[in-house]
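Written below as structure tokens is the structure these notes are about.
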Amino acid sequence: MDPRALIESLVDTVIKEGGSDLHISAGRLPSIRVSTQLIQLVNQPALTQENMLGILGAILDKTKYERFLATQEVDFSYDHKGQARLRGNAFYHKSSVSIALRLIPQVRTLPELKLPESLKEFARKKQGFFLVVGPVGQGKSTTLSAMVDFINSERAEHILTIEDPIEYVFEEKHSIIDQREVGIDTKDFPTGLRSIFREDVNVIMIGEMRSPETISTAVTAAETGHLVLSTLHTNNAAQTIDRIIDSFPGDQQDQIRSQLAESLLGIFSQRLIPRITGGLVPAYELLINNNAVANLIREKRTHEIDVVIETGTEHGMVDMNRSLLELVRSGEITMESAYLYSMNPKALERIL
């Protein structure tokens, strides 16, 4: 089987089985992930190094392929027969080529994703900084895409995304949407972000906050009349704020603390929990930046933010444990799953 036919056959299997990820490597059987479980495709032969290099040659353009050979790893996106898109990373392990591919579903709405209506209110803001956080593979990009599509459906704005690589491809409705891929359309995140000040942009979606320079420029953009949406690989709201501030040198931390207190709209932390009936359902924490939260950020008291969220229901805040408990009571997830995904099981036990 030629390399393109081989990768197309494997991706077809992922789609047919309702999977989310494909893992292929020289010397191994292909594996797919279905509802968090990794399953070997035992009816497929183990792939060879020749297979793997052939697949990369078929799905990467010349520039990306040469980058992989030079750096031994590369991020990329892959269009599957015009029917689906996948996000990929190719890398070496023990001198063998491996590829991890994640299926990017079609852009879905916030209700379809079972996400709270309150996210629409953040999407309606004209300026400020909003973060979607959580570990890898918890649906952060999917949530951001739904927020961007909501803006696109509701009003005429100039939306610009900077991604590495481009994941969801948006169909323009009321808005103009420019999607820039790092390494192809712009040199890097900071370079792409600096140029937005000359591009009459209203909404900026940054694929990931990877450096202090990116964070600093994003916060400045939020202060100067832009709505900035982005992601960070952190566990909850308090940890996110600490991570942002700690990424700067000590003599710059007071400034970024002050800027963040002023520009932050909110932080949405999510987890995808296995549903009893199959599939995944989100549990989440929502921090809304009000005067009390802004003061905690300025005064270096971020360790108190968890308590503010737990007691801030009347202000629209959502505690992760209460979100998990609601899913248990509605019959969506088991109590065992709630304890497994809780970041504070003792607190969960107290509210049972």
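For a modelled paramagnetic label at Gln255, 7 Å from Cα along Cα-to-Cβ, the residues of segment 183-216 in reach, with backbone nitrogen under 19 Å, are 190-191, 193-195, 197, 210-216.
The value of relative contact order for the chain, using C-alpha pairs under 8 Å at least six residues apart, is 12 percent. Within the listed set Asp251, Asp79, Asp164, the residue fluctuating most in the Gaussian network model of the chain (springs between alpha-carbon atoms under 10 angstrom) is Asp251.
Close amide H contacts of Leu280 (hydrogens built in the peptide plane, cut-off under 5 Å, sequence separation of 5 or more or a different chain): Arg275.
The charge dipole of the chain, taken about its Cα centre with unit charges on the Cβ atoms of Lys, Arg (+1), Asp and Glu (-1) only, comes to about 460 debye.
Principal-axis analysis of the Cα atoms of the chain puts helix 49-59 at an angle of about 60° to the longest axis. Neighbours of Ser342 by Cβ distance under 14 Å: Lys/Arg scored +1, Asp/Glu scored -1, total -3. Restricting to segment 202-352, compute how many DSSP beta bridges are antiparallel as a %, nearest 5. Percent antiparallel among DSSP bridges in segment 202-352 is about 70.
The convex hull defined by the C-alpha atoms of segment 1-144 has an orientation-averaged projected area of 10.7 nm². Once you reduce segment 285-320 and segment 25-74 to the center of their Cα atoms, the two points are 44 Å from each other. Where in segment 77-109 does the amide nitrogen come within less than 15 Å of the point 7 Å from the Cα of Val136, taken along Cα to Cβ? Counting only backbone N, you get 87-93, 98-103.
Taking each of Lys300/Lys346; Lys120/Lys187; Lys120/Lys300; Lys16/Lys94; Lys64/Lys140 in turn, the alpha-carbon distance tops 28 angstrom for Lys120/Lys187; Lys120/Lys300; Lys16/Lys94. Given in Å, the Rg to one decimal and the Dmax to the nearest whole number for the Cα atoms of the chain are 21.1, 63.
So what is the relative contact order for segment 3-104, in percent, with contacts set as C-alpha pairs under 8 Å and at least six apart?
With pairs under 8 Å counted, the relative contact order is 26 percent.
Estimated from helices alone, the mean residue ellipticity of the chain at 222 nm is -11000 deg cm²/dmol (sum of -39500 (n - 2.57) over DSSP H runs with n ≥ 4, per residue). Within the chain, antiparallel bridges make up roughly 60 percent of the DSSP beta bridges whose residues both belong there. Computed from Cα positions, the angle between helix 212-223 and the longest principal axis of the chain comes to roughly 50 degrees. Ignoring aspartates and glutamates fewer than eight residues from Lys126 along the same chain, the ones with Cα atoms less than 17 angstrom from its Cα are Asp149, Glu154, Glu157, Glu199, Asp200, Glu223, Glu262. Among Ile276, Asn202, Ser216, whose Cα projects farthest towards the positive end of the dipole of segment 118-350, with charges put on the beta-carbon of Lys, Arg (+1) and Asp, Glu (-1)? Comparing the listed Cα positions along the dipole, Ile276 ranks first. When Thr334, Thr240 are arranged by Cβ crowding within 10 Å, least crowded first, meaning fewest neighbours, the order is Thr334, Thr240. Taking amide H as placed 1.01 Å from N in the peptide plane, the amide H of Ala26 sits under 5 Å from that of Val97, each at least 5 places away or on another chain. Here the 3J(HN,Hα) profile of segment 78-86, calculated from phi with Karplus coefficients 6.51, -1.76 and 1.60 at θ = phi - 60°, is 9, 8, 9, 6, x, 10, 7, 10, 10 Hz, Gly and Pro shown as x.
Just so you know, all these numbers are worked out from the coordinates, no wet-lab data involved. Bear in mind that the values here come from a model prediction, so they are computed numbers and not experimental data. Methodologically, a virtual Cβ is constructed for each residue, glycine included, from the backbone with ideal geometry; neighbour enumeration extends over all protein chains shown.
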